[in-house]
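The values are calculated or read from the model by the stated rules, or taken from the named source; none is laboratory data. Just so you know, these numbers come straight off a predicted model, no measurement behind them. When we count neighbours, we look across all protein chains shown, and the Cβ atoms used for this are built from the backbone with ideal geometry, even at glycine.
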Amino acid sequence: MKNFLPLLCSTSLFNGLTPEELQTLLAQLGSVMRSYGKGEALVLAGEPNRRVGIVLSGELEAYRPGPQGARIPITHMEPGGVFGDVLSGSSLASPVTVMASVPCEVLLIPYERLLLSDGSPAHQQTLRNLVRTISDKYFSLSRRIDLLVLKSLRAKVCAYLLSEAERAGSLTFSIPFSRIQLADYLNCDRSALSRELSQMQRDGLLDTYKSSFKLLEPEVLKQMVQ
């Protein structure tokens, strides 16, 4: 566990804590480390989840099961990613499945013990971080809804790529989805998405290779969203 303390202190849930404070807090919370193989589910849609998790190594994907076995991508998580913070606070079953994309290690924390503060500064800071993390995910969901209500496919693509560039702090970035997953995320036909990206590349708006993008005309892309 000690090897992961610097990573954990950098996460949204434990930001502001020292490694020493965090080590003490994790012991009090009854946190445990677990390993999962590729394709193994950590959270299953239709079942309750009462644990908050943090990715320590490997990668996870969260998706909503759709008709005929389809998977609607929700998010992709790498080391430091937090999951279950929103789901664990509900009395309802989870609407999403969280699965290991590759072999991974995660830290799991019982949600009830996380909420039951002992009054220590470290625990109080963690609770403030939890509220902020949940709020940030609410606004992220709101942005996704704004994207999906756009009428044209090009507007959806532009809005998504601009948001990813903003997140990366660079006009050159990689997205966490394959083309198939991106089509599902944007709720569009996969062939139509490929044609649109190819046309945007021919128009000199962007360069792309697999999951990597470089926005060449960001101001033009912004106009296409409006």
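Restricting attention to region 88-99 and to residues that are within 24 Å of residue 9 (Cβ to Cβ) and in contact (Cβ under 8 Å) with a residue 40 or more places away in the chain, the residue that is surrounded by the most Cβ atoms within 10 Å (Cβ to Cβ) turns out to be 98.
Reported count of residues in region 144-165, each being over 22 Å from residue 77 (Cα atoms), aliphatic (A, V, I, L, M) and touching a residue at least 40 places away in the same chain (Cβ under 8 Å), is 3.
Residues that are surrounded by fewer than 20 Cβ atoms within 10 Å (Cβ to Cβ) and part of a strand (DSSP E or B) are absent from region 9-23. Please name all residue pairs, on different chains or six or more residues apart, with Cβ atoms under 7 Å, provided the first residue is in region 166-194 and is under 22 Å from residue 62 (Cα atoms) and β-branched (Val, Ile, Thr) and the second residue is at pLDDT 85 or above and not in a helix (DSSP H, G or I). Pairs found: 175/211; 175/213.
In region 195-226, the residue that is surrounded by the fewest Cβ atoms within 10 Å (Cβ to Cβ) out of those that are assigned to a helix (DSSP H, G or I) and touching a residue at least 24 places away in the same chain (Cβ under 8 Å) is 222. The lone criterion from (1) in contact (Cβ under 8 Å) with a residue 24 or more places away in the chain; (2) more than 30 Å from residue 221 (Cβ to Cβ); (3) among the hydroxyl-bearing types (Ser, Thr, Tyr) left unmet by residue 133 is number (2). Restricting attention to region 166-178 and to residues that are of a type outside the set (Asp, Glu) and loosely packed, with under 15 Cβ neighbours inside 10 Å, the residue that is nearest to residue 140 (Cα to Cα) turns out to be 167.
Every residue, every condition in (1) more than 30 Å from residue 189 (Cβ to Cβ); (2) assigned by TED's automatic domain parsing to the domain that holds residue 39; (3) under 12 Å from the mean Cα position of the chain (by Cα), yes or no:
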residue: 58; (1), (2), (3): yes, yes, no
residue: 95; (1), (2), (3): no, yes, no
residue: 124; (1), (2), (3): yes, yes, no
residue: 131; (1), (2), (3): yes, yes, no
residue: 137; (1), (2), (3): no, yes, yes
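Residue pairs whose Cβ atoms lie under 8 Å apart, separated by 6 or more positions or on different chains, with the first residue in region 66-87 and at positive phi and the second small (Gly, Ala, Ser) and part of a strand (DSSP E or B), are 84/53. A count restricted to region 24-45 and to residues that are hydrophobic (A, V, I, L, M, F, W, C), over 17 Å from the mean Cα position of the chain (by Cα) and surrounded by fewer than 15 Cβ atoms within 10 Å (Cβ to Cβ) stands at 3.
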